[in-house]
1. Somewhere in the range 210-217, is a residue surrounded by fewer than 21 Cβ atoms within 10 Å (Cβ to Cβ), part of a helix (DSSP H, G or I) and either in contact with a Ser or Thr (Cβ under 9 Å, 6 or more places away or on another chain) or of a type in the set (Ser, Thr, Tyr) (or both)?
2. Write out, first by first residue and then by second, each pair whose Cβ atoms fall under 6 Å of each other, whose residues are 6+ apart or on separate chains, and whose first residue, in the range 481-494, is free of Cβ contacts under 8 Å to residues at least 24 places away in the same chain and within 17 Å of residue 441 (Cβ to Cβ) while the second is hydrophobic (A, V, I, L, M, F, W, C) and surrounded by fewer than 16 Cβ atoms within 10 Å (Cβ to Cβ).
3. Take residue 261 and tell me if it is assigned to a helix (DSSP H, G or I) and crowded, with 17+ Cβ neighbours inside 10 Å.
4. I'm told residue 181 meets every condition in (1) in a helix (DSSP H, G or I); (2) over 18 Å from residue 312 (Cβ atoms); (3) touching an Asp or Glu at 6+ places or on another chain (Cβ under 8 Å); (4) not aromatic (Phe, Trp, Tyr) except one. Can you identify the failing condition by its number?
5. When you go through 187, 213 one by one, which is the residue that is of a type outside the set (Ser, Thr, Tyr), at pLDDT below 95, more than 26 Å from residue 64 (Cβ to Cβ) and under 17 Å from the mean Cα position of the chain (by Cα)?
6. Among the residues of the range 173-184, is there at least one that is closer than 23 Å to residue 455 by Cα and among the aromatic types (Phe, Trp, Tyr)?
7. If residue 380 satisfies every condition in (1) surrounded by fewer than 20 Cβ atoms within 10 Å (Cβ to Cβ); (2) on the phi > 0 side of the Ramachandran plot but one, which is the exception?
8. Has the range 400-407 got at least one residue that is farther than 30 Å from residue 85 by Cα, at pLDDT 95 or above and not aromatic (Phe, Trp, Tyr)?
Amino acid sequence: MAPLSILNDHLHTSFTASLFSLSVLAGLYIWRRRNAKYAGKQLPPGPPRLPIIGNLLQMPKDHEWLVYEKWAKETGSELVHCDVLGSHIVVVNSAKAANEIFVKRSAIYSDRPFIPSFSVLLGFNWVVATFPYGDRLKAARKAFHAFFQPSAVKDYRPIECTATHQLLRHLVHKPADFKEHLRHMAGAIILDIAYGIKVKPQHDPFIETAEGGLEAVTTIASIEAQIFDLFPALLKLPSWFPGVGYKKKASELCHWSKDMLNHPFEATKDSLASGTASPSVAATLITQLESKKSLPEDEGVAKGLTANMYIGGADTTVCALENFFLAMALCPEAQRKAQAEIDSVIGNDRLPEFSDIDTLPYVKALTEEVWRWRIVGPLGFPHKLTEDDVFGDYFIPKGSTVIGNIWAILHDESVYGPDANDFNPDRYLNNPDLPEPEAVFGFGRRICPGRFMARESVWLAVASILATLKIEKAVDDQGKEIEPVDDHMSGIVAYPLPFKCNVKPRSLTAEKLIMATEVFDSD
């Protein structure tokens, strides 16, 4: 009898061969039907396709946004087309085309492709960004708008101020851990707003739950997970079946999605019952549910709304602020100009406040450049076309996955100049007509509903850090500067690769100002 390992290898090889054969047969069938259906119709240009598998072997495995941008330049087209085993993918690489497609034609471009690895295997089917376009999405966005419209987010400013001041204190005490401090600040803000939870200074269980959930999400970028997105029928196979081992891994990780959905919400319910709850979105929703005859699914909707704040708010803010630290280490002149403006307008006896936004034009421009320079989500979340469409001379088939290349849009040299890849806040001051980098938050009917608060949180953190701290390149044991790596991870959120920097108070006066916030915020 063959050893079990040999048998497993044999089963795995047999399954892979069978899967490949089925893929080839399915691809051949789709290819023949597609060629017949689209005869005489011109798809957008793209890399040459092979029969059956299309561009499967050419699809980028990392830094996809740069590859798509390169293809657009090589073809001289705003739209780039490729297919994977007969599935159409169209990438939009200009602001003009994005506005025409995602905004003016939003009625047919606002759906989402089905991503089983995320929604089914990991259990994140409550994430609004994945909802198909329809009544469920509209209801969720309407509820979000009530709590995150521009007038509503002003109520959250005291929470943002307290968390930002705590960030400054953490940066003074343990500057090397600046990334952990940024994540703690973002988590403190969103947990307080969404649930009224005051997080612990360290090792907070709710922040750790969010960390676990976000870590689980990163696994969907693996080939083992993506096979389920290409072939959803594999969901029916048991996890022990060769080739579908990600099902077992996902079953071990899916508790994070449940924990994010339930744990903080239940904590708010307990606080309300004991009379110790702070004002929050969850407290408001629970009170509303208790005041009327609600159905079990109504509580599910409330949980989903607050959990979306939980998962969506932190990552964007943290990534943007990590990019800010990277930019300041690489571009000390921009940092000096911003600090000179703050010193001139505000002085050295108080910290920046939201009322200072319009009086600090360079700091505002610097913050806009942080959003534009290195994109938090370079490709955003994919859209799905719900009916055949024609864009210029090009035919776009129904069911196509349509991606907005936010990176290419916000690094378009015809808009931002030949230095589009450089960090240069002056571009906004020298050209008042230059548009704000709104594409960072998505497009049309799927634009991020939390963008107003995200903008405010990042501005306050940037202004407060510039007012009191200095960010410099780290040095090695010989005193030589360590050049930070200007590169980013691939994924839905493109974090900078790990880098070090030195963070220290600008002066003794600045340090005292920071330390004084502890008494002020506790009052």
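The values are calculated or read from the model by the stated rules, or taken from the named source; none is laboratory data. Predicted, not measured: the structure shown is a model, and the values here were computed from it. Reconstructed Cβ throughout: ideal geometry from the backbone, glycine too, with neighbour counts over all protein chains shown.
1. The initial filter retains those residues of the range 210-217 that are surrounded by fewer than 21 Cβ atoms within 10 Å (Cβ to Cβ), namely 211-212, 214-215.
So of that shortlist, the ones also part of a helix (DSSP H, G or I) come out as 211-212, 214-215.
With either in contact with a Ser or Thr (Cβ under 9 Å, 6 or more places away or on another chain) or of a type in the set (Ser, Thr, Tyr) (or both) added as a condition, the list becomes none.
Among the residues of the range 210-217, not one is surrounded by fewer than 21 Cβ atoms within 10 Å (Cβ to Cβ), part of a helix (DSSP H, G or I) and either in contact with a Ser or Thr (Cβ under 9 Å, 6 or more places away or on another chain) or of a type in the set (Ser, Thr, Tyr) (or both), which makes the answer no.
2. Listed by first residue and then by second, the contacts come to nothing, as the list is empty.
3. Taking the combined requirement at face value, the residue satisfies it.
4. (3)
5. Exactly one residue qualifies, and that residue is 187.
6. Yes, the range 173-184 contains at least one residue that is closer than 23 Å to residue 455 by Cα and among the aromatic types (Phe, Trp, Tyr).
7. Looking at each condition in turn, residue 380 falls short on (1).
8. no
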